[in-house]
Structure formats: C-alpha cells, structure tokens
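Only one structure is covered here, and it is reproduced in the block below.
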Amino acid sequence: MAENIPNIVYVHSHDTGRYVQPYGHPVPTPNIQRLADQGLLFRHAFCAAPTCSGSRACLLTGQWAHSNGMIGLAHRGFELYDYGHHIVHTLRSAGYWTGLVGEQHLSRDPNTLGYDHVVDIHNHHVDEVAPAALQLIAERPSDPFFLSIGFFETHREYFEPTSVRDSLYSLPPANLPDTAETRRDMASYKASARSLDHGVGAVLNALDEHDLADDTIVILTTDHGLAFPGAKATLTDRGLGVMLIVRGPGGFHGGKVSEALVSQIDLFPTLCEAAGIDRPDWLQGKSLLPLVRREADEVNDAIFAELTFHAAYEPQRAIRTQRHKYIRRFGERRTPVLPNVDDGPTKELLLRHGWGERELPREELHDLVFDPAEAANVAEDPAYAEVRAELAERLAAWMRETDDPLLHGDVEPPPGAEVTDPDAISPADTPIAHR
C-alpha cells in the first residue's frame, strides 16, 4: 500500500439505530464492543434522512437527499441525480481499488454504482455476506482499497428469539409500552443484532489475519433507527440516531468517545482529508478530523434531516442542536402515515389502541435536556417562542440555500417510481407507479 494512504472498509447494517452494546443497551454485541474499545465512538451521530436509500445516499455522496436526488427508495425507482457523485468514483480516481458485497440500496442495479468489483451472492444476510467479504479481503488485487460490506440485519423480518428468557425480559424502547408483544418483538431484534455482530467480527478478524488492521479505516454504521413505531422513518432522535464507530490510522483509536454533533454527510469529506484527496466541490458536509485531532469540540452547531418519501409520501424537515430539536411537517395530512412503519407485533398493538387516528402537530419543538424522549412538544409554549422562531428560520434558510423542492409545494416522485397510498396500512400494500 502507498505510504499514509489508508484502506477503507465501510460496514453498514439495516435499521440498527444505536441499539448495540457500546451505546449502553442490553444487546450483547461483543465484536461491535471490541471495535468501540479500539476506535472512536460518536455518541451523537445522525443520519441525514431516516430511510434506507436516502441515508446511504447522503453518506456516500456527502450531500443532502434533496440535493442528490434520493428522496425515496431505490428499489421503488428513485435514483441519484448523478451516480458520479458516489464516493467510489472519487476514490478510484485517487488510486483505490473498490469492491461491493451485500446490501447497497442506491440502485436497482448495483453495477450502476461504479465499483471495480461487485460480488454476486444469493442474499444479503450475514451467512452469505461474511464469507464473501472475507474472500474479497483475501483476494483483493491491489491496495489501497475501499470495500462496502452491507448486512441485511437488523431489518425485519427478525429472527426468532434465541431464548425464552429474552422473550420474557427484553425491555422495548422507552417510547413504547412494556407488554408481552413488545418484549418478544425486542427479543427478536436482539437475535438479529447477534447475527450482525457475528458478521462484524468476521470482517475484523479478516483484517487482523491479513495484517491490514493498522492501515485500514473501518467505519461501522447503520442507515437509521429501529424498525419500530416512532423510530425508523421519523425525524426523532430514535429515527435519526445511528451508531457510528470508526477505527484506524489518523487518530481513530484508543477507545475514545466523541460528544460532538455529527451527520453522516460528514464522512465523505472526512475520508477525503484522511486520504489526502481533494474534496469534490459538491460536498455539503464537514470533515470530522478537527474533532479527531482534538482541535475543536464541534464542527457542526446543528445538524439537519429530512423525510420526503419512504413507502409513502410524508414530507418533513428538521434541525437539531445540542439543546433543541425542531420538526416541521408539510402538507395537509395530520395523522400517521402507516405504510412508513414496518409491520410487526408492536405496530399491531398500537393500531389496536387507535394509533392511526392520533393527530400530529404541524410543528414540534423539544427541549432535549428536559425532554430527551421528545414526548413534550413546547412549540406553542411562550417560554420557547424565541427558540422556536430562531430554529424555524434556520431550517427555512437551510432549505433555501440547498434549493429544497418542498419550498415550491408538494414534491412529485420521478416517473416510474412506485409509492404507496398514505392512507394504506402496510408498506406491503400494492404501490402505484407514478406517471
């Protein structure tokens, strides 16, 4: 490998949020814990769009979803405006060999993305992806290399709980009722997380076996929050908050923890600086290396996030500072868009109790010091009027500066893209192709 140019291994999962061991949750993930013990863990890392394709697109282009085009789901026909903005092209131009194995979620055809090699496997579960990744690491033709290793875990459908004990005692997320159904649902998630952890361990062991660990930046993250109601496909911290653990040369070591506000769009510029590559002019994120080098406590005084389409249309935008979260909903709808919530026992429980008819506010403001669960909306509280006005204007300014299409009214999906009726119940309900 050329001197001081790191290899990069981007390991990513589905729907994991921060529900793994090093973030303090009772989900045994010893390999992920090992990575945290050796690397740098970001406690306040957020995706830029809490949907499977949008999140990955923002990370891999360094752009907001409405700037890169991925405002919906790739397997439903949404696309990047310019696939040349994918990080593989920048890295290949700098001499990297690039490989993809497993989940990618940016195109119906993975060969569109521009990798030197795409591994053909039957599915994207750990039992298929991990062996293929090990072979790719062992047989790579040259260094430096960039590998994208995507695991389907912890997406629903979950595995069966591994024990009766887990089914009885697994505490569900704090925003959900503690019932037999939700405990069993969480136990099923934990079984999937254990499988994910095995995959992560296999990759780390392969890097050790081939004497690559010291020269390789490993990024472990996920697309967005858990596939439970009130998390995935929402702009709450439960939807936006992601695990982000980085290990490797350049300061990503020592079992350190960063409290800084970080967005996944910051990873592309970070990798450019770490590899000594000129950053492309389209990047909208900021390098995190000042945090890593302890030259700054923050590089962002706020992070932004958006949702336009998941299975169905549900336009929202948000700004989050260390203290406050402001969410703005657009359009006329004021009840939950149920197709944007994955089916499962917890969703069924809430629906039986009338969740589908509960009214949602146009604006939400949360004081995260006193309301970390984002359960008390103070948008109408006179004591917070100044904060509300400031964050609303900052959000509007961001939308103007990035030419957000929501400024001009409802956003139409691209021709041929498939979207589900917002009045439907399930993401599995038949989608309609937009003309």
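The values are calculated or read from the model by the stated rules, or taken from the named source; none is laboratory data. Since this is a predicted model, take the numbers as computed values, not measurements. Here the Cβ positions follow ideal geometry from the backbone for every residue, glycine too, while neighbour counts run over all protein chains shown. These accessible areas exclude ligands, DNA and RNA; they are computed on the full protein's heavy atoms, side chains included. Shrake-Rupley method; radii C 1.70, N 1.55, O 1.52, S 1.80 Å.
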Which three numbers, in whole Å and largest first, are the semi-axes of the equivalent ellipsoid of the chain derived from its Cα gyration tensor as √(5λ)? 32, 25, 22
Could you pull the Rg and Dmax for region 1-88, using just the Cα atoms, both in Å? 15.7, 43
If each K or R counts +1 and each D or E counts -1, the residues other than Leu196 whose Cβ falls under 15 Å of its Cβ total -3
About the Cα centre, and with charges only on the beta carbon of Lys, Arg (+1) and Asp, Glu (-1), how big is the dipole of the chain? Nearest 20 debye, please. 520 debye
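What does the charge count near Lys256 come to, summing +1 for each Lys or Arg and -1 for each Asp or Glu among other residues with Cβ under 15 Å from its Cβ?
+1
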Crossing angle, helix 385-401 versus the chain [Cα axis fit, 0-90 degrees, rounded to tens]: 50 degrees
Please find, in a Gaussian network model of the chain (springs between Cα atoms separated by less than 10 Å), the residue of Gly255, Gly354, Gly77 whose mean-square fluctuation is greatest. Gly354
What lysines could a cross-link reach from Lys325, if we take a straight Cα to Cα line under 21 Å and drop same-chain neighbours fewer than 8 places away? Lys232, Lys286
So which chymotrypsin sites (Phe, Trp or Tyr not before Pro) in region 345-392 pass both tests, a DSSP loop state and at most 14 other Cβ atoms within 10 Å of the Cβ? Phe370
Charge-dipole axis of the chain as Lys and Arg at +1 and Asp and Glu at -1 on Cβ define it, positive-most pick from Ser163, Gly102, Phe151: Ser163
Angle check, please: helix 126-139 long axis (alpha carbons) against the longest principal axis of the chain (alpha carbons), in degrees 0 to 90, nearest 10. 30 degrees
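For region 159-300, what does the accessible surface come to per residue with a 1.4 Å probe? Please give it in Å².
Values: 5320 Å² over 142 residues.
Counting only protein heavy atoms, the per-residue value for region 159-300 is 37 Å².
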Using the heavy atoms of the protein chains alone and a 1.4 angstrom probe, what is the accessible area of region 322-413 per residue in square angstrom? 55 Å²
Over the chain, what relative contact order in percent results from Cα pairs under 8 Å that are six or more residues apart? 21 percent
In whole angstrom, the spacing between the Cα centers of region 169-229 and region 110-148 equals 20 Å
Using the charge dipole of the chain (Lys, Arg: +1 at Cβ; Asp, Glu: -1 at Cβ; taken about the Cα centre), state which of Ala375, Pro427, Ala302 has its Cα farthest towards the positive end. Ala375
Amide H neighbours of Phe228 under 5 Å, counting only residues 5+ apart in sequence or on other chains, H built in-plane at 1.01 Å? none
Using packing as a proxy for protection, rank 172-184, 334-346, 306-318, 256-268 so that the peptide with the highest average count of other Cβ atoms within 10 Å comes first. 306-318, 256-268, 334-346, 172-184
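Pop out the carbon and sulfur fraction of the accessible area of the chain as a percent, whole number, probe 1.4 Å.
On the way: 8660 of 17380 Å².
With neighbouring chains kept in place, the figure for the chain is 50 percent.
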Using a 1.4 Å probe, what is the accessible area per residue for region 1-127, in Å²? 33 Å²
On a straight-distance basis, which aspartates and glutamates could pair with Lys256 in a cross-link, Cα separation under 18 angstrom, same-chain partners fewer than 8 positions away excluded? Asp37, Asp214, Glu295, Asp297, Glu298
